[in-house]
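**Q** Quick one: the structure is below, questions incoming.
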Amino acid sequence: MYQMVELEDTVRIPPSELSADQDDVARRLVHRSFEGRLNKKHGFTLLTTHVRRLGEGRVIHGDGAVYQRVKFDALTFKPDVGEVVEGTICEVVEFGAFVRFGPLDGLLHMSQIMNDYLNVDLGNERLTGKETGRTLGIGDRVRARLVTVSLNELSPRESKIGLTMRQPGLGKIDWLEEDRLAAAEGRPIRAAGQGRRPPRRPKEA
């Protein structure tokens, strides 16, 4: 998901910047041109560093600027299908919840949260399992798996990312801790779909 890559591209140095230190100008233009941008191959470019100019720049007839080829290192963020991510619920909607992880939001559809009927409380921005009583709301930390990724280079916020928590080891972080403690103490795990069962009565002699 996060990786360091070496990229090569061209920056346009305007005439007003030609008298300044060209290495410093190239660094500033690379930061401005590429940080926060998205492309489908590498994902989001979060940080650029070690900017190097490659040879002399070239001038195009009718344009007073210099076009300078540069090479630089970039810290990128690219979500891939199958990866497990941890994020925070940032919005609750009628059909599920949105999870923010890194610079992106992914949709956790109602059908992918738990094996339980969910009641939606938009006023309190919360989803509640009918049988389990477990809740999911704004600010909750969750662990989910990426099931669909479609990045939109022109409008990154419109990228479509689908998540699921319907697999072992996934879910709201608090639920996972509750299940771990229950298993360690030999208590029934309050798993989705099992409901809230009353404690078992001891068998009569």
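The values are calculated or read from the model by the stated rules, or taken from the named source; none is laboratory data. It should be emphasised that the depicted structure is a prediction, and the values quoted were computed from it without experimental measurement. Because the Cβ atoms are built from the backbone with ideal geometry, glycine has one as well, and the counts that use them run over all protein chains shown.
**Q** Give the residue that is modelled with the lowest pLDDT, with candidates limited to residues of the stretch 55-77 that are in contact with a Phe, Trp or Tyr (Cβ under 7 Å, 6 or more places away or on another chain) and in a loop (DSSP other than H, G, I, E, B).
**A** Only one residue tops the list, namely 60.
**Q** So, in the stretch 142-166, how many residues would count as being touching a Ser or Thr at 6+ places or on another chain (Cβ under 6 Å) and basic (Lys, Arg)?
**A** Count: 2.
**Q** While we're looking at this one, here's another question. Considering each of 100, 32, 28, 52 in turn, give the residue that is touching a strand residue (DSSP E or B) at 6+ places or on another chain (Cβ under 6 Å), among the basic types (Lys, Arg) and either outside any strand (DSSP E or B) or farther than 30 Å from residue 119 by Cα (or both).
**A** None of the other options fit; the residue is 52.
**Q** State whether one or more residues within the stretch 62-82 are loosely packed, with under 14 Cβ neighbours inside 10 Å and without any contact (Cβ under 8 Å) to a residue 40 or more places away in the chain.
**A** yes
**Q** Now for a different question. Determine, yes or no, whether residue 55 is more than 22 Å from residue 153 (Cβ to Cβ), surrounded by fewer than 18 Cβ atoms within 10 Å (Cβ to Cβ), touching a residue at least 24 places away in the same chain (Cβ under 8 Å) and not assigned by TED's automatic domain parsing to the domain that holds residue 170.
**A** no
**Q** Please pick out the residue among 136, 107 that is under 20 Å from residue 157 (Cα atoms), of a type outside the set (D, E, K, R) and buried (at least 17 other Cβ atoms within 10 Å of the Cβ).
**A** Every option except 107 fails the conditions.
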